Amino acid sequence: MKRRISLLILAFSAMTALAGQPAASGDAVVALAGNGFITRTGSGSTEVINNNGLANWTSASTVTSVWFRMAAAGNATLSLDASLAGSKSSKIRVTANGTPFAITLTKGRTKTYAVGTINVPAAGYVRVDLQGISKSGSYFGDVAALRVNTSTALDYADDAANYYWSRRGPSVHMGYAVPANTEYFYNEVTVPLGEDKIGSYFMANGFNGGYFGIQVNSPTERRVLFSIWDADSGAKTTLVRKGPNVVDNTFGGEGTGGQSYLLYNWVAGNTYRFITRTLPDGAGGTDFSAWFYAPETNAWRFIATWKRPATTTYHAGVYSFLENFIDSNGYLGRSVQFNNQWARSTGGAWSEVVNARFTGDATAANAQRMDYAGGLQNGRFYLRNGGFFSPHVPIKQNFARPATGQAPTVDVSTLP
């Protein structure tokens, strides 16, 4: 059985743990392939998280972080499944909830190295950081998993077939009930300062068949993105027209269809406006159009119109969402606010939409990640994900925001 060490002793003597100690049968195996991230790198760092866990660990500047969630306060005894090649031995630091431990890895195949015991004072996520101290050769080692022995229930990503999605983090949505025959849908989006992490998609106007919103694609590139999928029958979506400087192409991954985007350096803290139009063409297809309003230019910009064949619909399944689309950035937190939603009927009447339903994807529903939230914030609907925060807000809830009474002032007949 694994030795349990008191916290008084840990403060001094547990900096060096016994290596190769067998794991207890009750250990939870928190695989780095689904729960680990490279959170700090130095110049020339080569480390990666792959299907086997942490690999190519050569830099002492690199920090690799692993998270698991405890359902209640309690003690947790930790160990690492690690191997070492390219060095005879290495010394690494394992910092769990702020408590540091030093352990020595020896050359050879994967075995379990004892780390130590920590006390977790409250329910929530526990962060464990790995960093190299010294090595006799080229590598600090490969780490497959963090083992956790505790009497407290744990949550972590354990579905190996979906580790890519768990590392991306939970996607969360706000679904809006709009009246029948809604031709136009209007929404306002604000990304708070500091919440615009690379890999974020703040989707404003989604509906059966497509979506429209803003993305952070790289440190130097941001997009206004509008996508329409092909018809369920497989009939291809085609571009009808597009606005100035808008790029159009087809896309895959989540399906096939048409995609259009405008490179635009939108700014966190500013509020942007979105309008989509869904209009049957009378010949068995439907035209989907999108417009974007930026306060920096004080004008509406036309993005594109896509024709989806074998489809006759007005707005249906209307929603907004927040997602991260870069799995290696899944440990970063992000949030967004949505406000002043309105629907315009085919007859020209605007009606305010004040009710929304908060939902999540399979990563959230299956408790692979529980760092998600949604609801009301400063009178607006909001969504939050990533960052391994606690506590979360359970999905499948309804929320109602205060009405603004401020119908869009835009004249849709004059939109570009």
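The values are calculated or read from the model by the stated rules, or taken from the named source; none is laboratory data. Bear in mind that the values here come from a model prediction, so they are computed numbers and not experimental data. Cβ: placed from backbone, ideal geometry, glycine included. Neighbour counts: every protein chain shown.
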- Mind checking which residues of segment 288-305 are buried (at least 17 other Cβ atoms within 10 Å of the Cβ) and more than 20 Å from Arg344 (Cα to Cα)? Ala294
- Message: Looking at segment 359-379, can you tell me whether even one residue there is touching a residue at least 24 places away in the same chain (Cβ under 8 Å), hydroxyl-bearing (Ser, Thr, Tyr) and closer than 19 Å to Gly36 by Cβ?
- Response: yes
- Those residues of segment 300-322 which are among the aliphatic types (A, V, I, L, M) and closer than 18 Å to Asn187 by Cβ, in sequence order: Ile303, Ala304, Ala316, Val318, Leu322
- Restricting attention to segment 203-211, does a residue exist that is in contact with an Asp or Glu (Cβ under 8 Å, 6 or more places away or on another chain), more than 12 Å from Trp306 (Cα to Cα) and outside any strand (DSSP E or B)? no
- Query: List pairs: first in segment 145-166 and of a type in the set (Lys, Arg), second not in a strand (DSSP E or B), Cβ under 6 Å, 6+ apart or cross-chain?
  - Reply: Arg147/Ala23; Arg147/Asp27
- Could you tell me which residue of segment 46-62 is farthest from the chain's Cα centre (by Cα), considering only residues that are in a strand (DSSP E or B) and surrounded by fewer than 20 Cβ atoms within 10 Å (Cβ to Cβ)? Ala55
- Task: Among the residues of segment 295-333, write down those that are out of contact with any Leu (no Cβ under 9 Å at 6 or more places or on another chain) and closer than 24 Å to Arg241 by Cβ.
- Result: Thr297, Asn298, Ala299, Arg308, Pro309, Ala310, Thr311, Thr312, Thr313, His315, Ala316, Val318
- Item | Filtered residues of segment 221-234 (kept if among the aliphatic types (A, V, I, L, M) and over 14 Å from Phe288 (Cβ atoms)) | Val224
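The rows are residues; the columns are (1) in the same structural domain as Trp67 (by TED's automatic domain parsing); (2) in a strand (DSSP E or B).
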site: Asp129; (1), (2): yes, yes
site: Phe140; (1), (2): yes, no
site: Val148; (1), (2): yes, yes
site: Leu225; (1), (2): no, yes
- Query: When Thr311 is evaluated against the numbered criteria (1) over 21 Å from the mean Cα position of the chain (by Cα); (2) in a strand (DSSP E or B); (3) of a type in the set (Val, Ile, Thr), which criterion, by number, is the only one it fails?
  - Reply: (2)
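Table: residues versus (1) within 30 Å of the chain's Cα centre (by Cα); (2) buried (at least 22 other Cβ atoms within 10 Å of the Cβ); (3) without any contact (Cβ under 8 Å) to a residue 60 or more places away in the chain.
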{"position": "Ala71", "(1), (2), (3)": "yes, no, no"}
{"position": "Asp81", "(1), (2), (3)": "yes, no, no"}
{"position": "Thr95", "(1), (2), (3)": "yes, no, yes"}
{"position": "Lys107", "(1), (2), (3)": "no, no, yes"}
{"position": "Thr117", "(1), (2), (3)": "no, yes, no"}
